[in-house]
Amino acid sequence: MPENLFYDVLIIGGGAAGFFTAVNLAEKRPDLKICILERGKKVLQKVLISGGGRCNVTHAVWEPRELTAFYPRGHRELLGPFHRFMTGDTMQWFEDRGVPLKIEEDGRIFPLSDSSSDVVECLVTLSRKRNITLHTSTSVNDFSYIQDGWEIQTKTKTYNTKQLVIATGSSLQMWKMLAKAGHQIAPAVPSLFTFNLANKEICKLAGTTAEVTVSLNGTKLISLGPLLVTHWGFSGPAVLKMSAWGAHILRGRNYNFTLKINWLNHISSEQCLNKLKSLRDSSKKQISNTPQFNLSRRLWEFLVERSGCTGVGFADASNAILSKLAAVLTADQHQVTGKSTFKDEFVTAGGVALEEIDFRNYKSKVLPSCYLAGEVMDVDAVTGGFNFQNCWTGGYIIAESIAAEI
Ligand SMILES: Cc1cc2nc3c(=O)[nH]c(=O)nc-3n(C[C@H](O)[C@H](O)[C@H](O)COP(=O)(O)OP(=O)(O)OC[C@H]3O[C@@H](n4cnc5c(N)ncnc54)[C@H](O)[C@@H]3O)c2cc1C
């Protein structure tokens, strides 16, 4: 006979969203019996490996509307929640509980210790202190609403609860169960990846960075920021941002597309050509020996060679030659033929359709007394600590809402 267990609140998933919900709820309502079910042997595994082992907890963006701009999916829905639990609240929360944080130059926020295990330890210690029950190696196979509560099935046990929180991240198995229960699930596709190139000639510049604008012909996809040349193609913020905002479009093209790069960031082809023509009037030097537009010498030499201008002096350059150089500098084209995982952070776009969640309390509009938090929803962000912020905000608001309701 399976064991029968009752909890006031049952949370499926022992990741960032599940733990943050549990700990905040227990702090607000120590009287409640709370249980986390985790299918893995260990909890918070993604937090542990996050940010290259440093855990990029959140980001130094202090205005809710500004923060929403970092979420390709969820930007509209998260505005209200961010007004209630923001990045500053996250900082305060961890610092008040013994995890001092630091803000890096680019705005990313990490534990002062540079160790993700401090975040894991904080959440696990608080959950123990607050008597939250944790069952690991416990995979939920099914759940159903019976009379006025939930019955949750694992291989060996049946759990009952009044309030169910689903925080299972990008679990295909859970999305299938949620679809069976009546939820719409946006198809899962990878987000936050780097681009592989067919022609790897530029890869000899691996390690080179430039402030660029990248775009995809025939679409509105455009992304600005640093681009990093790698041994297999392109990475860096401009590329990662494009992979997130274009997650569905790029999947639709099977990660085969022509990437347009303006190596001069926002300088137009016309402005570039004018500058090159003025150099023709003033410079007696070889084009390839005279880096312009703040490009590194290696990159400049490569792009000059790519445009066929090697060995040409500025003074001898024809209009046609300068136009060709301007075209390479401002509208270079590279054939992308695949993607690679960005090891510091990656997420899956897709999940429970956002119109089926009430963002005042993160309650499902389809299932009674059921809350959804973290990556299980169709919310994802660009790299920089924003994905965890989605978990912290959702977890906190669910805790507030359940604490008030029970
Ligand atoms: C390598 C890597 C690095 C990252 N670095 C960062 C970073 O620095 N900053 C940032 O903001 N984001 C980062 N992210 C993204 C971030 O980790 C996720 O957005 C976040 O962990 C999602 O949290 P979650 O609680 O929703 O899901 P998860 O962390 O995936 O937790 C869900 C849990 O539910 C469990 N589960 C699933 N199905 C069941 C089931 N049926 N029964 C029981 N348990 C189940 C899973 O085992 C898992 O433990 C990174 C991601 C990766 C992969």
Just the residues that are assigned to a loop (DSSP other than H, G, I, E, B) and open to solvent by less than 50 Å² (accessible area, probe 1.4 Å), please, taken from region 139-172. Ser139, Val140, Thr154, Ala167, Thr168, Gly169, Ser170, Ser171
Extreme residue, farthest from Gly374 (Cα to Cα), among residues of region 189-214 that are open to solvent by less than 40 Å² (accessible area, probe 1.4 Å) and within 14 Å of the ligand (Cβ to nearest atom): Thr194
Are any of the residues in region 106-121 at pLDDT below 95 and more than 21 Å from the chain's Cα centre (by Cα)? no
Out of region 173-187, which residues are of a type in the set (A, V, I, L, M, F, W, C), open to solvent by 20 Å² or more (accessible area, probe 1.4 Å) and more than 22 Å from the chain's Cα centre (by Cα)? Met177, Ala179, Ala181
Within region 1-50, how many residues turn out to be of a type in the set (D, E, K, R) and open to solvent by less than 40 Å² (accessible area, probe 1.4 Å)? 2
Is there a residue being under 24 Å from Trp245 (Cα atoms), modelled with pLDDT of 95 or more and near the ligand (Cβ under 10 Å from one of its atoms) anywhere in region 353-370? no
In region 1-40, residues that are within 19 Å of Tyr145 (Cα to Cα), assigned to a loop (DSSP other than H, G, I, E, B) and near the ligand (Cβ under 8 Å from one of its atoms) total 1
Assess whether Lys339 counts as being outside any helix (DSSP H, G or I), modelled with pLDDT of 95 or more and within 16 Å of the ligand (Cβ to nearest atom). yes
Answer yes or no: is there a residue in region 41-48 that is near the ligand (Cβ under 7 Å from one of its atoms), at pLDDT 95 or above, β-branched (Val, Ile, Thr) and not in a helix (DSSP H, G or I). yes
Residues being open to solvent by 10 Å² or more (accessible area, probe 1.4 Å), assigned to a loop (DSSP other than H, G, I, E, B), within 12 Å of Glu77 (Cα to Cα) and not hydrophobic (A, V, I, L, M, F, W, C): count how many of those fall in region 354-406. 3
Criterion (of a type in the set (D, E, K, R) and closer than 30 Å to Asp142 by Cβ) met by exactly one of Asp31, Asp89: Asp31
Matching residues, region 276-306, being part of a helix (DSSP H, G or I) and touching a residue at least 60 places away in the same chain (Cβ under 8 Å): Arg298, Leu299, Phe302
Tally of residues being farther than 21 Å from Ser307 by Cα, open to solvent by 30 Å² or more (accessible area, probe 1.4 Å), part of a strand (DSSP E or B) and out of contact with any Pro (no Cβ under 8 Å at 6 or more places or on another chain) across region 215-239: 2
Take the residues in region 104-120 that are polar (S, T, N, Q) and in contact (Cβ under 8 Å) with a residue 24 or more places away in the chain; name whichever of them is least open to solvent (accessible area, probe 1.4 Å). Ser116
Taking only pairs six or more apart or across chains, which ones have beta-carbon atoms under 6 Å, a first residue in region 65-90 that is under 17 Å from Thr383 (Cβ atoms), and a second residue that is small (Gly, Ala, Ser)? Phe70/Ala381; Tyr71/Ala381; Pro72/Ala244; Arg73/Ala349
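The values are calculated or read from the model by the stated rules, or taken from the named source; none is laboratory data. Note that the structure is a prediction, hence the values are computed from the model and not measured. With ideal geometry, Cβ positions are generated from the backbone for all residues, glycine too; neighbour counts draw on all protein chains shown. These accessible areas exclude ligands, DNA and RNA; they are computed on the full protein's heavy atoms, side chains included. Shrake-Rupley method; radii C 1.70, N 1.55, O 1.52, S 1.80 Å.
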